[in-house]
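The values are calculated or read from the model by the stated rules, or taken from the named source; none is laboratory data. As the structure is a computational prediction, the values presented were derived from the model and not from experiment. Please note: Cβ atoms are built from the backbone with ideal geometry, for glycine as well, and neighbour counts cover all protein chains shown. The accessibility values were calculated without ligands, DNA or RNA, using every heavy atom of the protein model including side chains. Shrake-Rupley method; radii C 1.70, N 1.55, O 1.52, S 1.80 Å.
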Amino acid sequence: MARGGGFRVGKVLGISIYLHPSWLIIFILIVTTLVAQFSQAHPHWTVAQHWALAIVTSVLFFGSVVFHELSHSVVAKHYKIPVTSITLFVFGGLAHISREPDKAGQEFQIAIAGPLSSYLLAAVFYGLKVAVPHNEMLGALAGWLALINFSLATFNLVPGFPLDGGRVLRAAAWGITGNFTKATRIASRAGQIIAYAMIAFGVWKGFNGDWVGGIWMAFIGWFLLSAAQETYGQVAMRQALSGLRAADVMSLDLPTVARDISLEDYGQEVLRTGRRCHLVVTQGALSGLMTVHLLNKFPRDEWDSNSVQAAMLPLARMSWAAPDEPVLRILDRMRAEDVNQMPVLMKDPSPHVVGMVTRENILHVIQTRTELGSLTQA
């Protein structure tokens, strides 16, 4: 059950939790660091105690990260913003929120929920440490978790995208300017400045003897820089699609296939025409949607023994777009539903498909509008 390179490990509050392979890197790093720290601070403990406590503390730390992301998610769901999943990776966690908030106030509350939850955990773990002064192992665990949650919350409040502080900054800029795009540009620019500063600081630390800390700081800065630049790119994308409707970008080419042909024959049709999406018809009536993605869900040696009907997305489960629906909303729906295309349905005088909006169509429009914008500016 992989999603975006991650593996599902469970579900909390209806939200699937995934582990990215890169998560293993930071988990091992934290465990080994804690073993060294506990060994130095408590040399009278056994090796087994050092390792056991390090592993338990690391697991609880990542539980804290999940709690942080769940806090964002709960507030987002309160405002009817779908949250598809949470992924843990090398730099912490990421809640996959399917669309942007509708108002600056919503953005602020979603963003601030994470740091506040981490500060709450820091207070709880600190209280636990104070409450058990004679239990060395529990005190060491609680003390480290209190410090790391406090540090996590504080770092996330740095006012640069994509950190929570950057989203708080965007909410403030959005509230002041009334312009979401301009606010995002301000927050992403701040994120790039902070990222460059972190990279420079990391290089400085390296040249002053702290190569490990310097490389790690520069690596985090590079990640934040990439994320901030990606966010800025998304702003340009949204600007390019602003004002466009489904009818403006949809493809009028509506290839069809019969539901009773074999998957092998469908594969050959795809190879022959290069078309990756087909409407499935039965005696002239629409009955479903067939794509290469659905085809590949069946093992290659089962293509001969299964028909398109066995693999297609049935009519009842298909998502539709109206001709006048904004492209940005369609794109958000595609992301939330994890689909690459959406038929456009005209209901008058009788329901019928008039076009198909695909990610490829949208990407082509973005590229064309970006190029024309560059030519106009030149």
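Observations
- Residue list for region 239-284, filter: assigned to a helix (DSSP H, G or I), in contact (Cβ under 8 Å) with a residue 24 or more places away in the chain and surrounded by fewer than 17 Cβ atoms within 10 Å (Cβ to Cβ): Q239, D248, E264, G267
Residue-by-condition table, conditions (1) in a helix (DSSP H, G or I); (2) among the β-branched types (V, I, T):
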residue: Y126; (1), (2): yes, no
residue: H134; (1), (2): no, no
residue: L141; (1), (2): yes, no
residue: L145; (1), (2): yes, no
residue: L152; (1), (2): yes, no
residue: P162; (1), (2): no, no
residue: V168; (1), (2): yes, yes
residue: A171; (1), (2): yes, no
residue: W174; (1), (2): yes, no
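- Scanning region 285-312 for residues that are open to solvent by 30 Å² or more (accessible area, probe 1.4 Å), modelled with pLDDT under 85 and closer than 20 Å to T358 by Cα turns up just one, L286.
- Looking only at residues of region 97-127 that are touching a Gly at 6+ places or on another chain (Cβ under 8 Å) and without any contact (Cβ under 8 Å) to a residue 40 or more places away in the chain, we find that the one that is farthest from S22 (Cα to Cα) is Y126.
- Residue pairs meeting the criteria (Cβ under 7 Å; at least 6 apart or on separate chains; first modelled with pLDDT under 75, in region 336-350; second among the β-branched types (V, I, T)): A336/T84
For every residue, the table says whether it meets (1) farther than 20 Å from A218 by Cβ; (2) touching a Pro at 6+ places or on another chain (Cβ under 8 Å).
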{"residue": "V130", "(1), (2)": "yes, no"}
{"residue": "E136", "(1), (2)": "yes, no"}
{"residue": "A146", "(1), (2)": "yes, no"}
{"residue": "F155", "(1), (2)": "no, no"}
{"residue": "V158", "(1), (2)": "no, no"}
{"residue": "R167", "(1), (2)": "yes, no"}
{"residue": "K182", "(1), (2)": "yes, no"}
{"residue": "R185", "(1), (2)": "yes, no"}
{"residue": "A190", "(1), (2)": "no, yes"}
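- Residue, nearest to L60 (Cα to Cα), within region 129-170, restricted to residues that are of a type in the set (K, R) and within 19 Å of the chain's Cα centre (by Cα): R167
- Looking at T181, T177, just one residue is open to solvent by 20 Å² or more (accessible area, probe 1.4 Å), over 30 Å from V59 (Cα atoms) and either at pLDDT below 90 or of a type in the set (A, V, I, L, M) (or both), and that residue is T181.
- Across region 308-327, the qualifying residues are those that are assigned to a loop (DSSP other than H, G, I, E, B) and not acidic (D, E), and the one among them that is nearest to L294 (Cα to Cα) is M312.
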